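First the structure, in the form of structure tokens, and then the observations on it.
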Amino acid sequence: MTDAAPSAANRPDYVSLREPYAAPTQQRDADFMGMYIFLGTEAMLFGALFCLVFAYRSLHPEAVAVAARHMQLWIGAANTAIILTSSLFVALGVHSARQGARRATGGFFLLALALGAAFLVLKGIEYGLDYRDGLMPVIGQPSPVRNGPAGLFIDLYFVATGLHALHLTIGLIVLAVTATLVLTRAKRLPEQAVVVEMAGLYWHFVDVVWVFAFPIFYLARG
Amino acid sequence: MSRQAMTLVGVWVGLMVLLTLTVAATFGPFGGWTPAINMVIAFCKAALIYWFFMHVREQGWLARLVAVAAIAWLLLLLALTQADVLTRGAFSH
């Protein structure tokens, strides 16, 4: 049927075939490849920001280390654990969707949604602490930590984590819509599991971005 | 719980272990190597997520290549940027 790695999930016999595809495997390849390309463009977007941080670190190692020590490391670590766990729930939701387990799919996605919301709440608290510490650009009492190259690093932290939070918010909407479509039977499982799979891919990617943002901004204390 | 679901939970356990390691390494005795160690751990976590959670494992080689193509472009971007910042003034008289 296919030359890909043998796996139960790789036998997309549950897929409802659409135009213009000749076979379920071909349709599946196209679905995943299109999403991987889109996520590749997102990787370039965040990658360019991370590349700038690495450049600052090479040019001003001490200033970046000082600025990084002002990051809320434990909130960042807690958020990493939260978003990794939310990814597990999304993966289990996708697994359930392929089995045709409608309620389990919706349930797992709603669990992931709750964790994603918790991530945003913690991030908000963290931004509040950053404001208190005078780390924010333009607003608040500016801290001396912001002077010089350290300020550039801190500004990049806000741009990158803010952009990530925006993506996470979009991800929350995607999870909510997908859960609703599944639970209301607007999408049939497992025939239309691709909807759940693509929503999952987006969420996992937002997770991957954070996996890199965490060490780049919070752990650059050395 | 099915074997596939067990695999997913196992991957999550691995991710949490790596998270613990990366935080521990930050306070460890690795000096200038710490950022490199943390980036290697981040790559391992991303690889686990892509391979298992993002279904790269189930794909043919073409789709796998597409999934990781951005890594090649990002390495070019990083290498050429660092070639600039690390050699500034190195060739002046």
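Key figures
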{"read-out": "Spatial separation of Cα centroids for region A:176-222 and region B:5-30, in angstrom", "value": "20"}
{"read-out": "Solvent-accessible area of residue A:166 with every protein chain in place, 1.4 Å probe, in Å² to the nearest 10", "value": "90"}
{"read-out": "Helix-only mean residue ellipticity at 222 nm for the protein assembly as shown, each DSSP H run of n ≥ 4 adding -39500 (n - 2.57), per residue, nearest 500", "value": "-25000 deg cm²/dmol"}
{"read-out": "Estimated FRET transfer efficiency (residue A:141, residue A:74; beta-carbon r; R0 22 Å; 0.05)", "value": "0.40"}
{"read-out": "FRET efficiency for residue B:43 and residue A:17, using Cβ-Cβ distance with R0 set to 41 Å, rounded to 0.05", "value": "0.65"}
{"read-out": "Positive minus negative residues near residue A:215 (Lys, Arg vs Asp, Glu; Cβ under 11 Å)", "value": "+2"}
{"read-out": "Probe 1.4 Å, protein heavy atoms only - accessible area per residue of region A:86-222 in square angstrom", "value": "37"}
{"read-out": "Accessible solvent surface per residue of region B:1-87, calculated while the other protein chains remain in place, 1.4 angstrom probe, Å²", "value": "54"}
{"read-out": "Choice from A:89, A:32, A:153 with maximal GNM fluctuation in chain A (Cα, 10 Å cutoff)", "value": "A:32"}
{"read-out": "Portion, in percent, of the accessible area of the protein assembly as shown that falls on carbon or sulfur, probe 1.4 Å", "value": "70"}
{"read-out": "Interface size A-B, as summed buried accessible area [1.4 Å probe, Å², nearest 100]", "value": "4100"}
{"read-out": "Label-point separation, residue B:85 to residue B:21 (7 Å along Cα→Cβ), nm", "value": "2.6"}
{"read-out": "Averaged over B:60-71, number of beta-carbon atoms from partner chains that fall within 10 Å", "value": "6"}
{"read-out": "In Å², nearest 10: area of residue A:131 left accessible to a 1.4 Å probe", "value": "110"}
{"read-out": "Two-site label geometry, residue B:92 and residue A:110: point separation in nm, points 7 Å out along Cα→Cβ", "value": "6.4"}
{"read-out": "Mean Cβ neighbour count within 10 Å, used as a protection proxy, ranking B:43-49, A:185-191, B:25-31, B:62-68 highest first", "value": "B:43-49, B:62-68, A:185-191, B:25-31"}
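The values are calculated or read from the model by the stated rules, or taken from the named source; none is laboratory data. Computed from a prediction, not measured in an experiment: that's the story for all the values here. Here Cβ is always computed from backbone atoms with ideal geometry, including for glycine, and neighbour counts include all displayed protein chains. Only protein heavy atoms, including side chains, enter the accessible area calculation; ligands, DNA and RNA are left aside. Shrake-Rupley method; radii C 1.70, N 1.55, O 1.52, S 1.80 Å.
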